[in-house]
Amino acid sequence: MIRALVLFKQAGREFTKLLHPDAINPMKIGGLVIPNNIVYAVLGFIFLYFMSIATLTFAMLLTGLDFISAFSAILASVNNVGPGLGIIGPASNYSMLTDTQTWLCTVGMLVGRLEIITLLIIFTPGFWRR
C-alpha cells in the first residue's frame, strides 16, 4: 500500500511542479519526509511491475491465447489471486493451457512472489561475481 501512496503523492508533486516550477515540495508520509531515492525506487519498481505484466501478456498472445485470457492469466499469476477471465475464468481452471502457457504463468508467479527486482538481480552477471 505504501507504494501506491508514494505513487499518488508523486503524481501530486508533479502537478504542483507544473503549476509552481520554483516550489520546493518534499514528499511527506505520516509527517516524515520521504527521500527522493526512495521515491525513485518505488517508481522503478512500479515500472518493472507493469513492464513484466505487459511482456508476459504479449508472450501469452504469441502462443495463440486470446487477449482477455492471456492478460487475466498473467495478472492473476503475478498477483497470486486465483482465477482469471476467459478460458481460465471462475467456471474453469488453468488445465486448458499448453505447457508453454503454463510456464509463462509460472514465471509470472515467480515475479510476483519473489519481487521483480530481486528476480532480475539474480540474473545479472554482477551478482555472481566476487
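Can you confirm whether segment 77-92 contains a residue that is aliphatic (A, V, I, L, M), modelled with pLDDT of 90 or more and more than 15 Å from the chain's Cα centre (by Cα)?
From segment 77-92, those aliphatic (A, V, I, L, M) are 78, 81, 85, 87-88, 91; that's our starting set.
If we keep only those that are modelled with pLDDT of 90 or more too, we end up with 78.
The next check asks that each one be more than 15 Å from the chain's Cα centre (by Cα); those that pass are none.
No, every residue in segment 77-92 fails to be aliphatic (A, V, I, L, M), modelled with pLDDT of 90 or more and more than 15 Å from the chain's Cα centre (by Cα).
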*Looking at (1) surrounded by fewer than 12 Cβ atoms within 10 Å (Cβ to Cβ); (2) modelled with pLDDT under 90, which is the one condition that is false for Leu19?*
(2)
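With farther than 22 Å from Arg113 by Cα and among the aliphatic types (A, V, I, L, M) as the only criterion, which of Leu5, Leu18, Leu43, Leu48 stands out? Spell out the reasoning first.
Working: Leu5 fails: farther than 22 Å from Arg113 by Cα; Leu43 fails: farther than 22 Å from Arg113 by Cα; Leu48 fails: farther than 22 Å from Arg113 by Cα.
Sole residue among the options that is farther than 22 Å from Arg113 by Cα and among the aliphatic types (A, V, I, L, M): Leu18.
Which ones in segment 10-27 are touching a residue at least 12 places away in the same chain (Cβ under 8 Å) and over 30 Å from Leu110 (Cβ atoms)? Outline the logic, then answer.
Narrowing segment 10-27 to residues touching a residue at least 12 places away in the same chain (Cβ under 8 Å): 10, 13, 25, 27.
The answer is Arg13, Asn25, Met27.
Mind listing whichever residues of segment 17-40 are in a strand (DSSP E or B) and in contact with a Lys or Arg (Cβ under 9 Å, 6 or more places away or on another chain)?
Let us first name the residues in segment 17-40 that are in a strand (DSSP E or B), namely 28-29, 32-33.
Scanning segment 17-40 gives Lys28, Ile29.
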_Residue that is surrounded by the most Cβ atoms within 10 Å (Cβ to Cβ) [pool: residues in segment 22-40 that are more than 27 Å from Ile117 (Cβ to Cβ) and among the small types (Gly, Ala, Ser)]_ = Ala23
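Could you check, for segment 42-50, whether at least one of its residues is farther than 17 Å from Ala4 by Cα and surrounded by 14 or more Cβ atoms within 10 Å (Cβ to Cβ)? Spell out how you get there, then give the answer.
So the first thing to find is which residues in segment 42-50 are farther than 17 Å from Ala4 by Cα, and the list is none.
No: segment 42-50 contains no residue that is farther than 17 Å from Ala4 by Cα and surrounded by 14 or more Cβ atoms within 10 Å (Cβ to Cβ).
The values are calculated or read from the model by the stated rules, or taken from the named source; none is laboratory data. The model shown is predicted, which means the values in this text are computed figures rather than measured ones. Positions of Cβ are generated from backbone atoms using ideal geometry, with glycine treated the same way; all protein chains shown enter the neighbour counts.
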